[in-house]
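The values are calculated or read from the model by the stated rules, or taken from the named source; none is laboratory data. Keep in mind that this is a model prediction, so the values were computed, not measured. All Cβ positions, glycine included, derive from the backbone under ideal geometry; neighbour counts span all protein chains shown.
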2 protein chains.
Amino acid sequence: MIIIAEKINGSIPSVGKAIEAGDADFIRNLAKVQSEAGADFIDVCASVEVSRELETLKWMIDIVQEATDTPIAVDSPSAETCAKAIDFCKRPGLVNSVSMEGNKIATVFPKIARTDWQCAALLCDDTGIPRSAEKRLEVLEALMQKAKEYNIDPSRLHIDPLVEMLATSDDGVNMIIEVMKEIRRRYPTLHVTGAASNISFNLPARKIVNQAFVVLAMNAGLDSVILDPLNRDLRGLIYATEALLGRDEMCIEFIQAFRRGVFGTQPQAPAKK
Amino acid sequence: MIIIAEKINGSIPSVGKAIEAGDADFIRNLAKVQSEAGADFIDVCASVEVSRELETLKWMIDIVQEATDTPIAVDSPSAETCAKAIDFCKRPGLVNSVSMEGNKIATVFPKIARTDWQCAALLCDDTGIPRSAEKRLEVLEALMQKAKEYNIDPSRLHIDPLVEMLATSDDGVNMIIEVMKEIRRRYPTLHVTGAASNISFNLPARKIVNQAFVVLAMNAGLDSVILDPLNRDLRGLIYATEALLGRDEMCIEFIQAFRRGVFGTQPQAPAKK
């Protein structure tokens, strides 16, 4: 499972505060602990006003790169900003994310065309988020056509079929699971990713819904996910699912991750009064 | 999901001690809390020497029936003992479990033939536990033939395809999932059950492996399970999975179970020093 670590995002209140205060230590520590927990990419999102987004991103990326060698996932609502932020990065990372909306692909794909950069792509276009599996797969094909034009190999793409909230769905996750399976069938080397926590929006005990969803989605092809790598329960469940799906012979990776303390019971710090 | 509550079993040390001490209160309380937690059947297994198994079972069953109206799952390695224990029960319950071994079916099926009793059945025979999905399904067909002879409707049977341990498997849970899907396909009204915790034998962090397995197995057709209904994490995950699989419109049952406190964060008792 490819882990895109989500904790360095200015929309998280503690991170937003650290950005305002210029608290480099706070950002540095988040980079370190997520890297040590096994992140494959460290997502960096400023979530500040547009006028100072790029300089803020540069400041954050510099700090993260000083703290760890884990590649960066540059993250901004603006494809232009992502394309520019690539230049701040010492090593190839991931652009999070493009779609068939506006000129996003035309901005990002030429920039990463002759590089080792990877890219997350959402299955939506200028008409919005398609309602049916069929329509999402039409967007997929249009997107893959673009990737071909720029000679970007499927193995460099992480397709997000757009996980929506369960609370208002008619048939559970059926449609999204169908899309995931079909992506996997059509392009075996593509990565299937998703913002798993969208599923539980507006529900209680969200953590539990996210956990069950990740297991079902992995069964359908999910092999990349944006999450908090310090969430031990979810990490453990992912290792267990890999083993159950026959992707971890004799459970060796599961057992090793347990021994490294990635999940499971560990000596706890004394409870605070 | 049909929950067969597993806590009243003499092989659990605290229960074994209560049986030896004739501690009816201990058994009564286990029946009550499991029933209140939503058990559909309360498994009762003596795990004492054969010479006093039947009288012990009667003592236990009487206590449970005094404490709750939840039906009993009579549980013994001996089909004869199960068949006799049925007579102690006030209302139809479940026989746990028969198989194509020896005269088990010939002992239990005629006893429950004209009743509302249900029965769990394992896919093994006198040659042992079949190694392949194909062979297990052959045992299934032989078993269903027997059920037909005794006019026992598939909806009264819980088929346990025999979950084995993941730690020594070659291909994860692939084979058992295949068997579950095929049972469901051939006999849509059959219940598919399993001793889920077998999967994690010899692994660390067993709870996590069991959780991931239950989600995958539910996706393949599991709709009945022997478990500890007081395990809040697993109960929550089961409710979440039902919703994700489209079996809980608008997540109403999930939300109601959360409100009843079946799972999720609740006010905790102060930690012990």
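Taking the criterion of being away from every other protein chain (no Cβ under 14 Å) and at pLDDT below 95, the only residue of segment A:180-212 that qualifies is A:ALA195. The single condition among (1) within 16 Å of the chain's Cα centre (by Cα); (2) touching a residue at least 40 places away in the same chain (Cβ under 8 Å); (3) within 20 Å of B:GLY38 (Cβ to Cβ) that B:VAL262 does not meet is (1). Checked against the criterion of being closer than 22 Å to A:ILE238 by Cβ, in a helix (DSSP H, G or I), in contact (Cβ under 8 Å) with a residue 60 or more places away in the chain and not assigned by TED's automatic domain parsing to the domain that holds B:ASN9, segment B:215-236 has at least one qualifying residue.
Each row is one residue, and each column tells you yes or no for (1) in contact with a Gly (Cβ under 6 Å, 6 or more places away or on another chain); (2) free of Cβ contacts under 8 Å to residues at least 12 places away in the same chain; (3) more than 21 Å from B:SER11 (Cα to Cα).
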| residue | (1), (2), (3) |
| --- | --- |
| B:VAL64 | no, no, no |
| B:ALA67 | no, no, yes |
| B:PRO77 | no, yes, no |
| B:PRO130 | no, yes, yes |
| B:GLU134 | no, yes, yes |
| B:GLU141 | no, yes, yes |
| B:ILE152 | no, no, yes |
| B:ILE159 | no, no, yes |
| B:GLU164 | no, no, no |
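Can you pull out every residue in segment B:228-264 that is under 16 Å from B:ALA217 (Cβ atoms), buried (at least 19 other Cβ atoms within 10 Å of the Cβ), within 9 Å of chain A (Cβ to nearest Cβ) and of a type in the set (A, V, I, L, M, F, W, C)? Residues satisfying the conditions are B:LEU237, B:ILE238, B:ALA240, B:LEU244. Taking (1) closer than 17 Å to A:SER99 by Cβ; (2) touching a Leu at 6+ places or on another chain (Cβ under 6 Å) in turn, A:GLY172 satisfies each apart from (1). Applying the criterion of being within 17 Å of B:LEU216 (Cα to Cα) and touching a residue at least 24 places away in the same chain (Cβ under 8 Å) to the residues of segment B:168-179, the residue that is farthest from the other protein chains (Cβ to nearest Cβ) is B:VAL179.
Just wondering, is there one or more residues in segment B:79-97 that are modelled with pLDDT under 95 and in contact with a Leu (Cβ under 9 Å, 6 or more places away or on another chain)? Yes: one or more hits.
Taking the numbered list (1) modelled with pLDDT of 95 or more; (2) in the same structural domain as B:LYS207 (by TED's automatic domain parsing) in turn, B:ALA106 passes all entries but (2).
Could you run through segment A:139-169 and say how many residues are within 21 Å of A:ALA205 (Cα to Cα), more than 20 Å from the chain's Cα centre (by Cα) and not in a helix (DSSP H, G or I)? Of the residues in that region, 1 qualify.
B:GLY172 meets all of the listed conditions (1) part of a helix (DSSP H, G or I); (2) over 13 Å from B:HIS191 (Cβ atoms) but one, namely (1).
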